[in-house]
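A short reminder: the numbers here are calculations on the coordinates, not readings from a lab. Since we're looking at a predicted model, the values are computed, not measured. Counting neighbours? That spans all protein chains shown, and the Cβs are built from the backbone with ideal geometry, glycine included.
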Protein chains: 2
Amino acid sequence: MSINESMIVYKNKEEKRPKIRTQSDFSTSDHFESIITMDLHTGTHIDAPLHMIENGNTLEGYPLENFIQNCKVIDMTHLTNSITKDDLINLNIQKNDFILFKTQNSFHNEFNFNFIYLDQSAASYLAEKGIVGVGIDALGIERNQPNHETHKSLLSKEIIILEGLRLGEVSEGEYTLCALPLKIDQVEASPTRAILISHL
Amino acid sequence: MSINESMIVYKNKEEKRPKIRTQSDFSTSDHFESIITMDLHTGTHIDAPLHMIENGNTLEGYPLENFIQNCKVIDMTHLTNSITKDDLINLNIQKNDFILFKTQNSFHNEFNFNFIYLDQSAASYLAEKGIVGVGIDALGIERNQPNHETHKSLLSKEIIILEGLRLGEVSEGEYTLCALPLKIDQVEASPTRAILISHL
């Protein structure tokens, strides 16, 4: 996702909207310099266990090499509510996979309160499989579930959660994912520049 | 560089120090969420032409593929003041290279007002060679030169400038550099998670 002051933010909450302030420009200075204020869950971002688990690991807990690795983009654009275990059991999901779900969310340009999410049954299934990461094209990987069950099923197993992807122009298949979070110490999340590289 | 509230900032200026505020934690909420305020030139970061050139390109002007590419780390730890053209002419620097300079700066844990920098003669030489990017282990690529000559020689040729590297544990040689800036629209710089991958 592009980061700017009019971008989509979770539930349209104003306090989650980034602010970019020009500190110096050429009208009064010899250089241009800006300062940003943003929620660490702005746009495309990675959640660490601390986001939902008290005393959970921060971003440092994830192995660096899992942010640059093979991934599988799975087309779930036929779904209209959520991704469930039943949608996954016939797919070839393996230990150490990084799975990205492409849904109808990628085609929304405003915040959709009924966004497609990963439900608890699917999250538990992926955790059992031993994947290293899961991404989705929503600002949240779950929607209105009691007790944040999807986050907790994944984060309790140290599975990387990558939210806020834009997959509208991406076809189902295998890619190299590069999604390194900023190296911010001791935090529960970070904005992340995420790209896919096609295999030759 | 790790980003935190006690990190090194340019010339120790307090207004350049990042602030991380806890918005929600488990004492009053069911999740942990933080907000960061930071100069876009915080820690390891990429400068775009607009930083020093009025109406210059923003980050969008750089081809995405140049942020993930082969790079050459050159050991300049023997130098005590600056990197000049004379230090470069016997090196194998080619068109489209991404060059990273390792200097004594990587071993400083406080801001050093006499940091090693790339002087104008070296910047012009690299620009003539047609490199795509240059990185250094200082928060600025130049120091106290009139009119920001090093930045302008490089940025006027759309050469990526990567500042604030930490290369103390990196040996001279060739690597794959991965240094994607955040996708912030229409800005002159971005904090960047930069890593090197050894060739097998």
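Data overview
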item: Charged-residue dipole, Cβ positions (Lys, Arg, Asp, Glu), the protein assembly as shown about Cα centre, Debye nearest 20; result: 40 debye
item: Loop GluC sites (Glu not before Pro), the range A:30-120, which have at most 11 other Cβ atoms in a 10 Å radius of their Cβ (DSSP); result: A:Glu110
item: Global size of the protein assembly as shown as Cα Rg and Dmax, reported in angstrom; result: 21.6, 66
item: For chain B, size of Cβ-based charge dipole, Lys and Arg +1, Asp and Glu -1, in debye; result: 160 debye
item: Proximal charge balance of A:Asn105 [Cβ under 10 Å; K/R count +1, D/E count -1]; result: +1
item: The range B:110-188: chymotrypsin sites (Phe, Trp or Tyr not before Pro) in DSSP coil with no more than 12 other Cβ atoms inside 10 Å; result: B:Phe113
item: 0 to 90° range, to nearest 10: angle between helix A:120-129 axis and chain A longest Cα axis; result: 80 degrees
item: Karplus 3J(HN,Hα) series, Hz, for the range A:46-59 with 6.51 cos²θ - 1.76 cosθ + 1.60 (x for Gly, Pro); result: 10, 9, 9, x, 4, 4, 10, 10, 4, 6, x, 5, 8, 4
item: Shortest-first nm distances, B:Ser29 label point to equivalent points in other copies (7 Å, Cα→Cβ); result: 3.0
item: Pairwise Cα inverse-distance average, inverted: Kirkwood Rh of the range A:28-90 (Å); result: 16.5 Å
item: DSSP beta bridges in chain A [antiparallel fraction, %, rounded to 5]; result: 65 percent
item: Order of B:Val170, B:Val9, B:Val134 under a 10 Å beta carbon neighbour criterion, fewest first; result: B:Val170, B:Val9, B:Val134
item: Within 10 Å of each Cβ in B:11-19, the average number of Cβ atoms from other chains; result: 1
item: Percent of Cα-Cα distances greater than 18 Å, calculated over the range B:121-200; result: 49 percent
item: Burial ordering of A:Ser190, B:Ser27, fewest other beta-carbon atoms within 10 Å first; result: B:Ser27, A:Ser190
item: Computed over chain A, Cα set: Rg, Dmax in Å; result: 17.2, 62
item: Coil-residue trypsin sites (Lys or Arg not before Pro) of the range B:38-101, DSSP, other Cβ within 10 Å capped at 14; result: B:Lys95
item: Whole-Hz couplings from phi, Karplus 6.51/-1.76/1.60, listed for the range A:90-105; x for Gly and Pro; result: 8, 8, 8, 9, 10, 3, 6, 5, 10, 10, 10, 9, 9, 10, 4, 4
item: Using a 7 Å Cα-to-Cβ projection, A:Lys129 label spacings across copies, nm, ascending; result: 4.6
item: Backbone HN-Hα couplings from phi across the range A:16-24 [Karplus 6.51/-1.76/1.60, Hz, Gly and Pro as x]; result: 8, 7, x, 10, 10, 10, 7, 8, 9
item: C-alpha center-to-center spacing [the range A:27-42, the range A:69-128] in angstrom; result: 35 Å
item: Helix-derived mean residue ellipticity, 222 nm - over chain B, DSSP H n ≥ 4, -39500 (n - 2.57), to 500; result: -2500 deg cm²/dmol
item: Positive-end extreme of charge dipole, the range B:40-121 - chosen from B:Asn55, B:Ile93, B:Gln120 (charges on Cβ); result: B:Ile93
item: Closest Cβ on chain B to the rotation axis that carries it onto A (distance rounded to whole Å); result: B:Thr37, 2
item: Hull shadow area, averaged, the range B:37-130 [alpha-carbon convex hull, nm²]; result: 7.8 nm²
item: For A:Ile89, inter-copy label distances in nm, listed shortest first [label point 7 Å out on the Cα-Cβ vector]; result: 7.4
item: Full-stretch length increase - A:Lys95, A:His108 - with 0.36 nm per residue and alpha-carbon distance subtracted; result: 1.5 nm
item: log₁₀ of I(q)/I(0) at q = 0.17 Å⁻¹ - the range A:155-200, Debye sum with one point per alpha carbon; result: -0.63
